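S.K.: Take this structure, written in structure tokens, and hold onto it; I'll ask about it next.
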Amino acid sequence: MAEILAPCGSPEVLLAALRAGCDAVYLGGACFSARQNAVNFSDEDIERAVYECHKRGVKVYRTINTVIFDEQIEECMKAVEHCAKVGVDGIITQDLVLTEIVRRCCPELPIHASTQMTIHTRCGMEVTKKLGFKRTVLSRELPLDIIRELSELGIETEVFVHGALCMSVSGQCFMSAVIGSRSANRGLCAQACRLPCSAGGRGRERYDLSLKDLSYCDHLREIADAGVASMKIEGRMKRPEYVAMAVHSCKKALAGEEYDKKMLEDVFSRDGFTDGYLRHRLGADMFGMRTGEDAAAGTKALPKIHEIYRYEEKRDTLRFTVDIKEGQPVILRGEDSCGNIVQVEGSIPDKAQNRAVDENAVTKQLSKLGETIYSFGGAECRIGEGLFISPKELNELRRQVCTEMDNARANKNGRQTEFHKSELLDFDEYKGSGQTIRVNVSSLEQLEAVSPENVDICGVPIDLAVKAAELFPAEKLAVIMPRFTFRESSVIERVKQAKAAGIDRIYGTNLAHAEIAEELGMVLHAGYGFDLTNSCALNVVKNLGAADAVVSFELKAAQIARLKKPLPVGVYAYGRLPLMLTVNCPVSAAVGCKNCTHSVTDRTGRVFPVKCSKKEGYVEILNSEVLYMADKLSDLKAADFLLLEFTDERPAQVRHIIEEYSNGGLNGRPEKITRGLYYRGVQ
């Protein structure tokens, strides 16, 4: 049966989740947690959490799921070492540096591919298997039929079944970072999608980027039947009552029992719930904002929910055997259903002065297991005649047996892993041979404005690749892969057509494209979608077959300069930075495709273009200003190539921009530009 996985943002929430009956928990430490604003757990808290969970037979996963900078690798390694030492059951991560730390230092410690890795296809799953992941947390946008297909590929799958939905595909949202330097990939998302924003509809206070919370409780048995290993509840920033109610509801639903849908909605929702992604029914019904009525209902529901986790969840039965014999210490043994046996010793019983102890009296005291995780499984009493032992001593012996059984169960369920520290950056560094320019275009008209002599490689959209090969030297073309797809087989077929036309390069936008490049015998150029922020991750991508890589634009220019490069490294040097990747178009939901405004407007009046990839099933919300660095190239001199990405520029503009970057911005910068994060960085 699939596990019910509960979020724990603090020790208080952990207790609520355990008492509500979860099968596993995930929690963050003091660093590297994608919910840095939660209370989170100190090293000592984690050690205690592992004990409390393991004695109950519950698994503990630690999230080390932010992107890691070079200066943090040593600290990250210490966090992994602590996980191995205290017996954490697995690490949830998005940064490829973790795969290398675990491979070299503690290969027996399981790692899970976070949903922030954007794994949503067969090829993506194949890459996570190659990287050593035991489990993949699938993108939340997938329908049940794809979830079923991916769950048959020989690696565990984990699916979000309840909680908040980001507007963007997880791991591909940069809006909070670009606007306010608070990076979602560093655990400090400012939740820009919950702020007022209009996609063209009427009304002053619109929230056209805010989705309702997801709830699949009515579909849990279908999801389990699809082969999913873990059903994940989102909410490490939520109250204990929220987590307890969500766990309780999921347990009931998975068992085929009725659960209190209204109370689940009352404790927290945004104008109700949605199951739109699971059923692949997108649109306006999926959008919603938390109202005053929602908040009032939540306050009213809290006292009732306390009853769900007021008492300890009974995790096992405990059967006792007691020996009370003349002249010998009292012996009390306990055995659970897992075969764990413990024994404690009391004092020598007295001769009875009035009433001798009997089976009923002993059984009465041993059955008082109210505050423990055990239910009474009976007692075998072997009692000599005319003996007495006080109820107080029997109670103390019972408490000792329960404590010893807790310890025995925690030890049995423990999984301490050996850790051997290793050097991660022991690769040969690439020595550059001069900086080149690469471009990505959006149309054939833009392509015609590009002179092959002025660029190293030119990326073209997948559906334009065959025609592009008729207009431009095929050996200099690369197929720009879709950033998300529900039909990977169609993507692969179109790449094959591009290859037949003479193109042998892929510009990859997520990990799955490493597998496609290998299967088709093509050259992989890793794009910014790989979210590479440290030297070790660059080496992992090289080992996956990448010829070169564009580093994350969340790095400062100074950080890029300090990278140790195992392969040629490029930077995003021109274009509208992608802020969100979403499969649920906010414009379509607000006004319909026929009335498309091609943009959204935030509360400050800034207009953000929306780039539609309808055939692939996603749209991108782009930055309101263009990143321009042609006059600052000396700050990017560590890069081996500059990536210029064109969206709606006219051919003449394309020519002009390429000339600017070739000549160091001699004609002066445009009026409205941004320097991105190259100087201010992210938190």
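The values are calculated or read from the model by the stated rules, or taken from the named source; none is laboratory data. None of these values were measured; they are calculated from a predicted model. A quick note on method: Cβ atoms are made from the backbone with ideal geometry, for glycine too, and the neighbour counts reach across all protein chains shown.
S.K.: Given the conditions (1) surrounded by fewer than 21 Cβ atoms within 10 Å (Cβ to Cβ); (2) over 27 Å from Val267 (Cα atoms); (3) out of contact with any strand residue (DSSP E or B) (no Cβ under 7 Å at 6 or more places or on another chain), and given that Ile155 satisfies all but one, which numbered condition is not satisfied?
M.R.: All conditions are met except number (3).
S.K.: Residues in the stretch 234-286 that are of a type in the set (Ser, Thr, Tyr) and within 19 Å of Tyr309 (Cα to Cα): how many?
M.R.: In the first step, residues of the stretch 234-286 are kept if they are of a type in the set (Ser, Thr, Tyr); the result is 242, 249, 259, 269, 274, 277.
From what's left, within 19 Å of Tyr309 (Cα to Cα): 242, 249, 259.
The number of residues fulfilling the criteria is 3.
S.K.: Looking at the stretch 289-314, which of its residues are out of contact with any Leu (no Cβ under 9 Å at 6 or more places or on another chain) and farther than 30 Å from Arg194 by Cα?
M.R.: Glu307, Ile308, Arg310, Tyr311, listed by residue number.
S.K.: Against the conditions (1) in a helix (DSSP H, G or I); (2) within 25 Å of Arg182 (Cα to Cα), where does Glu44 fall short? Just the number, please.
M.R.: Of the numbered conditions (1) in a helix (DSSP H, G or I); (2) within 25 Å of Arg182 (Cα to Cα), the odd one out for Glu44 is (2).
S.K.: Say whether the condition of being within 37 Å of the chain's Cα centre (by Cα) and farther than 19 Å from Leu477 by Cα is met by at least one residue in the stretch 650-658. Spell out how you get there, then give the answer.
M.R.: So the first thing to find is which residues in the stretch 650-658 are within 37 Å of the chain's Cα centre (by Cα), and the list is none.
No, every residue in the stretch 650-658 fails to be within 37 Å of the chain's Cα centre (by Cα) and farther than 19 Å from Leu477 by Cα.
S.K.: Still on this model: Which condition breaks for Phe608 when tested against (1) without any contact (Cβ under 8 Å) to a residue 40 or more places away in the chain; (2) under 26 Å from Pro143 (Cα atoms)?
M.R.: With (1) without any contact (Cβ under 8 Å) to a residue 40 or more places away in the chain; (2) under 26 Å from Pro143 (Cα atoms) applied to Phe608, the lone miss is (2).
Yes/no matrix, rows are residues, columns are (1) closer than 30 Å to Ala164 by Cβ; (2) in contact with a helix residue (DSSP H, G or I) (Cβ under 7 Å, 6 or more places away or on another chain):
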{"position": "Arg279", "(1), (2)": "yes, no"}
{"position": "Ala295", "(1), (2)": "yes, no"}
{"position": "Thr321", "(1), (2)": "no, no"}
{"position": "Gln328", "(1), (2)": "no, no"}
{"position": "Ser337", "(1), (2)": "no, no"}
{"position": "Asn340", "(1), (2)": "no, yes"}
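S.K.: I need the strands (runs of 3 or more DSSP E) fully contained in the stretch 606-645, keeping only those with at least 1 residues that are under 26 Å from His120 (Cα atoms) and modelled with pLDDT under 95. Spell out how you get there, then give the answer.
M.R.: Values: elements: 607-613, 618-622, 626-628, 641-645.
Qualifying strands (runs of 3 or more DSSP E): 607-613.
S.K.: Right, here's the next one. Filtering the stretch 610-647 down to residues that are among the charged types (D, E, K, R) and within 23 Å of Ala526 (Cα to Cα), which residue is nearest to the chain's Cα centre (by Cα)?
M.R.: Across the stretch 610-647, the extreme among qualifying residues is Glu620.
S.K.: Testing Gly575 on (1) free of Cβ contacts under 8 Å to residues at least 60 places away in the same chain; (2) within 30 Å of Ala639 (Cα to Cα); (3) not β-branched (Val, Ile, Thr), one condition comes back false. Which one is that?
M.R.: Only one criterion in (1) free of Cβ contacts under 8 Å to residues at least 60 places away in the same chain; (2) within 30 Å of Ala639 (Cα to Cα); (3) not β-branched (Val, Ile, Thr) is unmet by Gly575, namely (1).
S.K.: Those residues that are part of a loop (DSSP other than H, G, I, E, B), among the small types (Gly, Ala, Ser) and over 22 Å from the mean Cα position of the chain (by Cα), I need them from the stretch 227-265; list them, please.
M.R.: Ala255, Gly256
S.K.: From the list Lys467, Lys499, which residue is assigned by TED's automatic domain parsing to the domain that holds Val441 and either polar (S, T, N, Q) or surrounded by fewer than 15 Cβ atoms within 10 Å (Cβ to Cβ) (or both)?
M.R.: Lys467
S.K.: Answer yes or no as to whether Ala16 is touching a Gly at 6+ places or on another chain (Cβ under 7 Å), of a type in the set (A, V, I, L, M, F, W, C) and either in the same structural domain as Val401 (by TED's automatic domain parsing) or assigned to a helix (DSSP H, G or I) (or both).
M.R.: no
S.K.: For the stretch 364-393, how many residues meet the condition of being without any contact (Cβ under 8 Å) to a residue 60 or more places away in the chain, more than 15 Å from Val322 (Cα to Cα) and buried (at least 17 other Cβ atoms within 10 Å of the Cβ)?
M.R.: Of the residues in that region, 1 qualify.
S.K.: Could you list, in sequence order, the residues of the stretch 294-332 that are surrounded by fewer than 16 Cβ atoms within 10 Å (Cβ to Cβ), over 21 Å from Arg56 (Cβ atoms) and either of a type in the set (Val, Ile, Thr) or over 35 Å from the mean Cα position of the chain (by Cα) (or both)?
M.R.: Matches in the stretch 294-332: Thr299, Lys325, Glu326, Gly327, Gln328, Pro329.
S.K.: Would you mind stating whether Ala558 is surrounded by fewer than 24 Cβ atoms within 10 Å (Cβ to Cβ), at negative phi and assigned to a helix (DSSP H, G or I)?
M.R.: It is true that Ala558 is surrounded by fewer than 24 Cβ atoms within 10 Å (Cβ to Cβ), at negative phi and assigned to a helix (DSSP H, G or I).
S.K.: Looking only at residues in the stretch 508-525 that are touching a Lys or Arg at 6+ places or on another chain (Cβ under 9 Å) and outside any helix (DSSP H, G or I), which one is nearest to Thr128 (Cα to Cα)?
M.R.: Filtering the stretch 508-525 for residues that are touching a Lys or Arg at 6+ places or on another chain (Cβ under 9 Å) and outside any helix (DSSP H, G or I), the one nearest to Thr128 (Cα to Cα) comes out as Asn510.
S.K.: For the stretch 266-281, name all the residues that are assigned to a helix (DSSP H, G or I) and closer than 12 Å to Ala296 by Cα.
M.R.: Asp266, Val267
S.K.: State yes or no: is Asn413 closer than 30 Å to Ala84 by Cβ, touching a helix residue (DSSP H, G or I) at 6+ places or on another chain (Cβ under 7 Å) and either at pLDDT below 95 or not charged (D, E, K, R) (or both)?
M.R.: When the stated conditions are applied, Asn413 passes them.
Okay, residues lined up against (1) assigned to a loop (DSSP other than H, G, I, E, B); (2) surrounded by 19 or more Cβ atoms within 10 Å (Cβ to Cβ); (3) in the same structural domain as Gln497 (by TED's automatic domain parsing):
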residue: His420; (1), (2), (3): yes, no, no
residue: Glu423; (1), (2), (3): yes, no, no
residue: Asp426; (1), (2), (3): yes, no, no
residue: Glu429; (1), (2), (3): yes, no, no
residue: Gln446; (1), (2), (3): no, yes, yes
residue: Glu453; (1), (2), (3): no, no, yes
residue: Cys458; (1), (2), (3): no, yes, yes
residue: Asp463; (1), (2), (3): no, no, yes
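S.K.: On to the next question. So is Ala498 free of Cβ contacts under 8 Å to residues at least 60 places away in the same chain and under 27 Å from Tyr661 (Cβ atoms) or not?
M.R.: yes
S.K.: Check the stretch 200-223 and report whether any residue there is farther than 27 Å from Tyr618 by Cα, surrounded by 18 or more Cβ atoms within 10 Å (Cβ to Cβ), in contact (Cβ under 8 Å) with a residue 60 or more places away in the chain and not charged (D, E, K, R).
M.R.: No; the residues of the stretch 200-223 include none that is farther than 27 Å from Tyr618 by Cα, surrounded by 18 or more Cβ atoms within 10 Å (Cβ to Cβ), in contact (Cβ under 8 Å) with a residue 60 or more places away in the chain and not charged (D, E, K, R).
S.K.: Please give the number of the condition Asn539 fails out of (1) in a helix (DSSP H, G or I); (2) of a type outside the set (A, V, I, L, M); (3) out of contact with any Pro (no Cβ under 8 Å at 6 or more places or on another chain).
M.R.: That leaves (3) as the condition not met.
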